[in-house]
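One structure is given below, encoded as structure tokens.
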Amino acid sequence: MQHQHFILHKPLGYLSQFVNNQTKRKNKKLLGELFELGSCPKGIMAIGRLDEDSEGMLLLTTDGKVSEQVRSKTVEKEYYIQVDGRITPKAIEQLKTGLEISIRGKKYKTLPCHAAALDFVPDFPARTKKIRDPRHGPTSWLSITITEGKFRQVRKMSAAVGFPTLRLIRVRIGQLKLGALSSGALEEVKAFKIR
């Protein structure tokens, strides 16, 4: 069987799944609503997740083995995040060396990662849902690259160093980049190489 792989620019407000199998989360937007019926191959699945409030690159595949490979701790995932306040060198250093966060009520020490303040504002369309009033102070953007992917990890990391995440966009998984793919768009990846 010839497997297919896609990059999706997941918009804000969608769950990273095609079927809602939860009874208490009714009326949620699912990935399947972004495409015409039958435009995706049978058996397509999202690799990993982006929470409902996050945007950016989501890989879709028909190959479960690729899913396992991407979720392993050997593949980098890069995020651009907008945080509340002007990020400090001390906070960046704390992010880089790893810090303690809570994952489902248990303490967890994050692995060392790459973190850097961005000296530009990424060129993403404005969000449909307002982040907050700019009169409440400055914000800043940074890049965080991790190899793990715990529940809401990047958000918890930025909050732990005193700079809560206002907007989170995944821009890269391994060698694959989101690029200029517009929000809600799907693009098939012919040469699928993540490492």
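A short reminder: the numbers here are calculations on the coordinates, not readings from a lab. In this text, all values refer to a predicted model and were calculated from it rather than measured experimentally. Virtual Cβ from ideal backbone geometry, glycine too; neighbours counted across all protein chains shown.
A few notes on this one:
- Relative to its residue count, segment 77-173 spans a Cα convex hull of 107 Å³ per residue.
- Of the cross-linked pairs Lys10/Lys65; Lys42/Lys129; Lys109/Lys177; Lys42/Lys109; Lys42/Lys96; Lys130/Lys193, those separated by over 31 Å at the C-alpha level are Lys42/Lys129; Lys42/Lys109; Lys42/Lys96; Lys130/Lys193.
- 14 Å beta-carbon shell around Pro112, net charge (K/R +1, D/E -1): -1
- Counting charges near Pro11 (Lys, Arg +1; Asp, Glu -1) among other residues having Cβ under 12 Å from its Cβ returns a value of 0.
- Within straight-line reach of Lys90, meaning a Cα separation under 19 Å, sit the following aspartates and glutamates at least 8 residues removed in sequence or on another chain: Glu100, Asp119.
- Average 1/r across all pairs of distinct alpha carbons in the chain, invert it, and you get the Kirkwood radius: 17.7 Å.
- Packing here is the average count of other Cβ atoms within 10 Å per residue, and on that basis the peptides 69-79, 88-98, highest first, run 69-79, 88-98.
- Sequence ranges 160-171, 129-140, 176-187, ranked by mean other-Cβ count within 10 angstrom, highest first: 160-171, 176-187, 129-140
- Local net charge near Gln82, Cβ-Cβ under 15 Å (Lys/Arg +1, Asp/Glu -1): +1
- Approximate spin-label separation Ser182-Arg86, in nm, with each point projected 7 Å along Cα-to-Cβ: 3.6
- Computed over the chain, the per-residue total of -39500 (n - 2.57) for DSSP H runs of n ≥ 4 gives a 222 nm mean residue ellipticity of -3500 deg cm²/dmol, rounded to 500.
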